[in-house]
Amino acid sequence: MTADTPADRDVLAGLVTQFVRHDGDFATDIPELTFYQRSKVSEPMPCIYGLGVTVALQGRKRLIIDGESVEYGKGQSVLTTIDLPLVSHISEASVAKPYLGLLLTLDPKLIAQISADMDFPAAKKEESRRALSRQYLDAGLHAAMCRLVASLKEPQILRLQITPLIQREICVRLLASDHGAKLRDIVSAGSPTQQIARAVTWIKQNFQKPIEIDFLASQASMSASTFRLHFRAVCGMSPLQYIKQIRLQEARQILWTQKIDAGEVAYRVGYESTSQFTREYKRLFGNPPLRDLKALQDGSERN
């Protein structure tokens, strides 16, 4: 079920525009909620989407994972259930009608708790275990999102801790929506997706160290070949490709936030060879580290 009419979807966009005056990323007084605006089409750029739901309120955005393109526009949402390295870019935006979106990150413990208390119909056979789904916001989710954003204009509501109740409602509605099967899959004890999600969490916490695929497979109670198969089905890439992307994304973040040379950054994220790090960094981001950092800085200044 979609939000009642296209006009209804404008309500959420109108609320968000009260907090967004120019291009950029906008943190809010609700730590899990972020707004985004871009006034022009962007180049494809590797990034990581974590557990959360992102909603396009105006314009269009395209995600590419494992060669598959997922585009979403006004009123549509994309749910990701584990940290997914993918390529993202704004595909429709202008100064007159910029891309406008929001991201609400989700708490896996809350998802597990709520899921345990809900009754669901028998699961349908999933065509794909990919930890990503695209759906229109239904009317109930749209209304809950509107209440969450509107609460930012009422400090007394924030102080009284009512917003966590709205966030809980959003989780309930997500679990009951067409997104629900993906969410339930990551909290279903013993499911392949949950096992891969646990492996992903371990990789994120230990990516600086040498990582053996056989060790990850044993932790997931799978053979190495079965682990690789399930990992690719969920994440859209092999475990080794995933580890590489996590390291390079972290390296980019360090370069952006700290004044450290490329050799030191390479060592910090688990590379023994600076030249290999530089080659792989350029292959992913299009420029070697220092040139990429300058491009990021120039883009930030223009915003």
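What follows draws every value from the coordinates through simple rules; no lab data is involved. What you see is a predicted model, and the numbers here were worked out from it, not measured in a lab. Note that we place each Cβ from the backbone using ideal geometry, even for glycine, and neighbour counts take in every protein chain shown.
Observations
- Residue 279-residue 219 FRET efficiency (beta carbon distance; Förster radius 35 Å; 0.05 resolution): 0.70
- Cβ-placed point charges (K, R +1; D, E -1), dipole of the chain about Cα centre in debye, nearest 20: 420 debye
- A simple count of charges around residue 47, restricted to other residues whose Cβ falls under 14 Å of its Cβ and scoring Lys, Arg +1 and Asp, Glu -1, yields -1.
- Residue (of 78, 89, 56) at the positive-pole extreme of segment 48-96, dipole from beta-carbon charges: 56
- Taking each of 109/294; 74/182; 74/244 in turn, the alpha-carbon distance tops 30 angstrom for 109/294; 74/244.
- Take every Cα pair under 8 Å whose residues are at least 6 apart in sequence, average their separation, divide by the length of the chain, and the relative contact order is 16 percent.
- From the Kirkwood radius over Cα pairs of the chain, Stokes-Einstein at 4 °C and 1.567 mPa s returns a whole-number translational diffusion coefficient of 63 µm²/s.
- This ranking places 9, 228, 283 by how few other beta-carbon atoms lie within 10 Å of each, fewest first, which gives 283, 228, 9.
- 3J(HN,Hα) along segment 58-63: 6, x, 9, 9, 10, 10 Hz, from the Karplus curve 6.51 cos²θ - 1.76 cosθ + 1.60 with θ = phi - 60°, whole Hz, x for Gly and Pro.
- Rounded to the nearest 20 debye, dipole of segment 222-303 from Cβ charges on Lys, Arg, Asp, Glu: 240 debye
- Evaluating 6.51 cos²θ - 1.76 cosθ + 1.60 at θ = phi - 60° for every residue in segment 138-153, the Karplus couplings come out as 7, 4, x, 5, 4, 5, 5, 4, 4, 5, 5, 5, 4, 5, 5, 8 Hz, glycine and proline recorded as x.
- Counting beta carbons within 10 Å around each of 235, 146, 47 and listing the fewest first gives the order 47, 146, 235.
- For the chain, modelled as a GNM whose springs connect Cα atoms under 10 angstrom apart, the maximal fluctuation among 157, 170, 64 occurs at 157.
- Cα→Cβ-extended label distance, 7 Å offset, between residue 150 and residue 107, nm: 2.4 nm
- Extension reserve of the residue 19-residue 229 stretch, reckoned as 0.36 nm per residue once the Cα distance is removed: 71.2 nm
- Label positions at residue 40 and residue 294, each projected 7 Å from the Cα along the C-beta direction, are separated by 1.9 nm.
- Between amide H atoms placed 1.01 Å from N, distances below 5 Å from residue 286 occur with no residue 5 or more places distant or on a separate chain.
- Residue by residue, segment 281-295 carries 3J(HN,Hα) couplings of 4, 5, 5, 7, 9, x, 9, x, x, 5, 5, 5, 4, 4, 5 Hz when phi is fed to the Karplus relation 6.51 cos²θ - 1.76 cosθ + 1.60 (θ = phi - 60°); x denotes Gly or Pro.
- Structure-based [θ]222 nm, the chain - -39500 (n - 2.57) summed over DSSP H runs of at least 4, per residue, nearest 500: -15000 deg cm²/dmol
- For residue 216, neighbours were defined as the other residues whose beta-carbon sits under 14 Å from its Cβ, and their charges (Lys and Arg +1, Asp and Glu -1) total +3.
- Extreme residue, positive dipole direction of the chain, given options 41, 293, 24 (C-beta unit charges): 293
- Each Lys and Arg contributes +1 and each Asp and Glu -1, all at the Cβ; summed about the Cα centre of segment 116-256, the dipole is approximately 380 debye.
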